[in-house]
Amino acid sequence: AVKAENWALLIGIDQYEDTNHINNLGGAAADAKALQQLLVRDMGFPEANTELLLSQNATKARILAALTRLKARAKKGDLVFVFYAGHG
């Protein structure tokens, strides 16, 4: 039997381009970083199997590309964890 793997995509957006309509946040990126550390340190997620996208790097295109990579890598029986912190 193939050993199941753990995968995670963590997204934290504090800074937004359209600050006329969307207020910047102060803790979303820190939450995503802290959760990544928890998953790796305490929950058995290999760091290489986690991806962290923060603020300006968390564009729609990059989020969709990261989800596509997850879909390609994860196998049946694997655990896939996706976390988003930011404006809905």
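The values are calculated or read from the model by the stated rules, or taken from the named source; none is laboratory data. Note that the structure is predicted; figures quoted are calculated from it, not measured. In this analysis, Cβ positions are derived from the backbone assuming ideal geometry, glycine residues included, and neighbour counts consider all displayed protein chains. Surface areas here come from the heavy atoms of the whole protein model, side chains and all, with no ligands, DNA or RNA. Shrake-Rupley method; radii C 1.70, N 1.55, O 1.52, S 1.80 Å.
Loop-located trypsin sites (Lys or Arg not before Pro) in the range 1-49 (DSSP state other than H, G, I, E, B) with a sparse environment of at most 15 neighbouring Cβ atoms within 10 Å: 3.
The charge dipole of the chain, taken about the Cα centre with unit charges on the Cβ atoms of Lys, Arg (+1) and Asp, Glu (-1), comes to about 480 debye, rounded to the nearest 20. Placing 13, 22 in order of accessible area, with the largest value first and a 1.4 Å probe, yields 22, 13.
What aspartates and glutamates sit close enough to residue 76 to cross-link, taking a C-alpha to C-alpha distance under 19 Å and skipping anything fewer than 8 places away on the same chain? Straight-distance partners of residue 76: 5.
Kindly provide the helix-only [θ] at 222 nm of the chain, computed as the sum of -39,500 (n - 2.57) over DSSP H runs of four or more divided by all residues, to the nearest 500 deg cm²/dmol? If you can, show how the numbers build up before the last one.
Details: 2 runs with 29 residues, N = 88.
Counting only the DSSP helices, I get -10500 deg cm²/dmol.
The order of 17, 5 by accessible area, most exposed first and with a 1.4 Å probe, is 17, 5.
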